[in-house]
Amino acid sequence: MTAAPTTPRSETTRIHHGDTFVDHYEWLRAKDDPEVTTYLERENEYANQVTAHLADLRDTLFDEIKGRTRETDMSVPTRKDNWWYYRRIEEGQNYSRLCRTAVASADDWEPPEISTIGPDDEKVLLDSNLEAEDHEFFQLGTTAISDDHQLLAWTVDTEGNERYSLNLRQLSDGSQNDSVVTDIGPSIVWAPNGSHLFYVRVDESWRPFQVWRHELGSEADDVLVLEETDDRYFVGIGRTSSDKYLVISIGSKITSELRYLDATDPTGEFTTLWEREIGVEYGADHLPIADEDHWLILHNKRHPNFELAISTFDSGEDEQTLIEASDTIRLDDFDVTAKFVYLSYRENALPKAGLMRVTATGLGPLEPITAESELTAFGVGGAAEFDPKYVRLGTSSFIEPAKLYDFDPQTGERFLRKEGEVLGHFDPEEYLQERVWATAADGTLIPVSVVTRKDTPRDGSAPALLYGYGAYEISIDPGFSIPRLSLLDRGFVFAVAHVRGGGEMGRLWYDNGKILTKRNSFSDFVDCAKTLVDSGWTSHDRLVAEGGSAGGLLVGAALNFSPESFCGVVADVPFVDPLTSILDPDLPLTVIEWDEWGNPLSDKEVYDYMKSYSPYENISARKYPAVLAVTSLNDTRVLYVEPAKWIAELRAKTTGGGPFLLKTEMSAGHGGVSGRYAAWRERAWELAWIIDVAQGGAARNPRIP
């Protein structure tokens, strides 16, 4: 019999607002203590021993994922000036190569086929496989080509801690300047002159807080352009779609500010468009109309679901509303080109899109662009060129691979450029996707997306995986997954609980699942689980819950709310000790998170409310199902110590059930392992555990105490 590691206990006392909490596992926070790393390695060994019987299944699942994936592939080339840019990846490679080939003529808007681009026509600009050599972890941040197409800048993280280094390469001869700047954020932007490059620095808490300007070839020190001293705000740097202006964005979770500068004057002073006003969020882009500059602004000054406005350039405050806000439609974003504006919005828990024509006098009415079918995610992006013939249009669903089109806005025609491919036998007609609605305790209807094979019985006998996130107004939209096929073809039901706290049903949906309404997210998830069972899709003893990061908080809290609803829980990089983290302003990203969770340091009501749902602090003496927590030692967003403490406390308190496994990647960050093959093996590891637990394997394994 394999015994779980013994977790030493050492009392750490936390006192806030008259409440005393004794934490027995806070000592695990000492990342550099050899005792901690040794303990994490013992947990990894235990997890491997307990799941050793799944080794063959893991290999089979990996082979299925690999066998269904076209390993040699190329993205659809994107035109910028006289070049087509694209990425290639070859069989056996973990990472892609950034490449380009020449545009044949000025009116050439048909992207070249992969078979027509020979080695003599292709220029490899950056091979991430070469860059990743000698690194256990490799994450490419941003690549940026200068306006004259002679210089490549890119950022890279080789630790998993989201601190990037900036590198430069002269494309004419391949000469390289490594690590021009270190300890920065991933984003970089060229000024049009090609002599100045802007980047963002992060502080000790990993908050992007400074914008800097680097001058190529100059011996002068880099120049600090802006520093944001309020810990609630992040900064970013970019350019307008027209490339005419540099833009600094400053934002908290609930407030925005934008500053702009003529891109031809990169050493000039930035001008503020709208001064920040607490609670007002906005995004803006430059829109020229009949040779006159305007701002197109999406904002929530008057309604939480946002409205679209236009203003003259010199007076951003003097705006005219183009599309009024709606209680049922959430305006999400827009893309500007010279002749068209593309609007993304949400209606009835699905993403949609439309266009507006730029005329000599303004913008025409919104013309919806229709999706192919129900439960299809639909989006129109901009283009690298400001006045393109086509823009890219993408669709995705749970049962069909994503499709990418070139869309002609003049005629409405769509030209299929790429369709996701599944090697081997695959027929989408063998699967179904449905939208069902769960009823919450307060009567709110919660959308649930359900995916399965058509021949899966609906008598409660099918195993199921229920996924959720439910935070930051992030929406989990229909999307295809090759690894998921390995579940569906084994008779699984896959479901997504679109709980409050996400963005599927608009801003009010988000507002009703944050701060002092956060418990709605957790009870919604449990109600979705019960609806799946009541509707015959599965049974509680065959239902596994899964969530990552803030979704880990969701499934961790739901586990305390109703442990009998699930036979297992997978929590990836889970935020399961939220109160401890949000109480510490010195931890990475804590202060900006107060707009999402509340500030328990200064507000007793928030403190008491967070304590009422914290997964770690609400474990009690009861039976819990099997739990798998996956984390990364170098994660800066959710520290490894949270799931480590959580698993230790589950073992200490449970009166039965389990097992409780902790799997720590010792050389990775919040996104997990790097490299596609390692990522596939990681997912195969988790899927094998899910299959085993949902089919009763954990309960049958005699080696588990």
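Quick notes
- Tally of residues being of a type outside the set (Asp, Glu), open to solvent by 40 Å² or more (accessible area, probe 1.4 Å) and part of a strand (DSSP E or B) across the range 181-224: 7
- Looking only at the range 378-401, and only at residues there that are in contact (Cβ under 8 Å) with a residue 60 or more places away in the chain and acidic (Asp, Glu), the one that is farthest from LEU416 (Cα to Cα): GLU385
- For the range 430-462, filtering for residues that are hydroxyl-bearing (Ser, Thr, Tyr), more than 18 Å from PRO478 (Cα to Cα) and part of a strand (DSSP E or B) leaves 1.
- Count of the range 324-372 residues, restricted to those that are touching a Pro at 6+ places or on another chain (Cβ under 8 Å) and of a type in the set (S, T, N, Q), is 2.
- Among the criteria (1) within 26 Å of ARG490 (Cα to Cα); (2) surrounded by fewer than 16 Cβ atoms within 10 Å (Cβ to Cβ), the one PRO368 does not fulfil is (1).
- Remark: THR6 matches the filter, which requires a residue to be in a loop (DSSP other than H, G, I, E, B), free of Cβ contacts under 8 Å to residues at least 12 places away in the same chain, surrounded by fewer than 18 Cβ atoms within 10 Å (Cβ to Cβ) and among the hydroxyl-bearing types (Ser, Thr, Tyr).
- Tabulated pairs, the range 270-293, first of a type in the set (S, T, N, Q), second modelled with pLDDT of 95 or more, C-beta under 9 angstrom, 6+ apart or interchain: THR271/ARG259; THR271/TYR260; THR271/LEU261; THR272/GLU257; THR272/LEU258; THR272/ARG259; THR272/TYR260
- Each residue in the range 225-234 was checked for being outside any loop (DSSP other than H, G, I, E, B) and either open to solvent by less than 30 Å² (accessible area, probe 1.4 Å) or at positive phi (or both), and 1 pass.
- Applying the condition of being farther than 24 Å from ARG346 by Cα and surrounded by fewer than 18 Cβ atoms within 10 Å (Cβ to Cβ) to the range 309-328 and asking which residue is modelled with the highest pLDDT yields THR312.
- Scope the range 398-436; condition of a type in the set (A, V, I, L, M) and in contact with a strand residue (DSSP E or B) (Cβ under 9 Å, 6 or more places away or on another chain); matching residues: ILE399, ALA402, LEU404, LEU416, LEU432, VAL436
- Candidates in the range 131-151 are the residues that are at negative phi and free of Cβ contacts under 8 Å to residues at least 40 places away in the same chain; of these, the one that is surrounded by the fewest Cβ atoms within 10 Å (Cβ to Cβ) is GLU133.
- Scanning the range 115-126 for residues that are surrounded by 16 or more Cβ atoms within 10 Å (Cβ to Cβ) and either among the hydroxyl-bearing types (Ser, Thr, Tyr) or within 31 Å of the chain's Cα centre (by Cα) (or both) gives LEU125, LEU126.
- Near pairs, Cβ below 7 angstrom, 6+ apart or cross-chain, from the range 79-96 (more than 17 Å from SER674 (Cβ to Cβ) and in a strand (DSSP E or B)) to any residue that is basic (Lys, Arg) and open to solvent by less than 60 Å² (accessible area, probe 1.4 Å): TRP83/ARG100; TRP84/ARG100; TYR85/ARG100; ARG88/ARG97
- Number of residues in the range 463-474 that are open to solvent by less than 30 Å² (accessible area, probe 1.4 Å) and part of a loop (DSSP other than H, G, I, E, B) equals 3.
- Enumeration of residues in the range 413-428 that are free of Cβ contacts under 8 Å to residues at least 24 places away in the same chain and among the acidic types (Asp, Glu): GLU413, GLU419, ASP427
- PRO77 vs. criteria farther than 30 Å from HIS196 by Cβ, open to solvent by less than 30 Å² (accessible area, probe 1.4 Å) and modelled with pLDDT of 90 or more: no
- Among the residues of the range 28-44, those that are assigned to a helix (DSSP H, G or I), open to solvent by 50 Å² or more (accessible area, probe 1.4 Å) and without any contact (Cβ under 8 Å) to a residue 24 or more places away in the chain comprise PRO34, GLU35, THR38.
- Applying the condition of being in contact with a Leu (Cβ under 8 Å, 6 or more places away or on another chain) and not hydrophobic (A, V, I, L, M, F, W, C) to the range 347-361 and asking which residue is nearest to TYR472 (Cα to Cα) yields GLY354.
Residue-wise test of (1) of a type in the set (S, T, N, Q); (2) at negative phi; (3) touching a residue at least 60 places away in the same chain (Cβ under 8 Å).
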{"site": "ASN161", "(1), (2), (3)": "yes, yes, yes"}
{"site": "SER165", "(1), (2), (3)": "yes, yes, no"}
{"site": "HIS214", "(1), (2), (3)": "no, yes, no"}
{"site": "ILE248", "(1), (2), (3)": "no, yes, no"}
{"site": "LYS253", "(1), (2), (3)": "no, yes, yes"}
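- The residues listed here are LEU355, LEU375, LEU343; of these, the one that is part of a loop (DSSP other than H, G, I, E, B), open to solvent by less than 20 Å² (accessible area, probe 1.4 Å) and either without any contact (Cβ under 8 Å) to a residue 60 or more places away in the chain or within 29 Å of GLY502 (Cα to Cα) (or both) is LEU375.
The values are calculated or read from the model by the stated rules, or taken from the named source; none is laboratory data. Just so you know, these numbers come straight off a predicted model, no measurement behind them. Glycine also receives a Cβ, built like all others from the backbone with ideal geometry; neighbour counts cover every protein chain displayed. All accessible areas refer to the heavy atoms of the entire protein, side chains included, with ligands and DNA or RNA removed. Shrake-Rupley method; radii C 1.70, N 1.55, O 1.52, S 1.80 Å.
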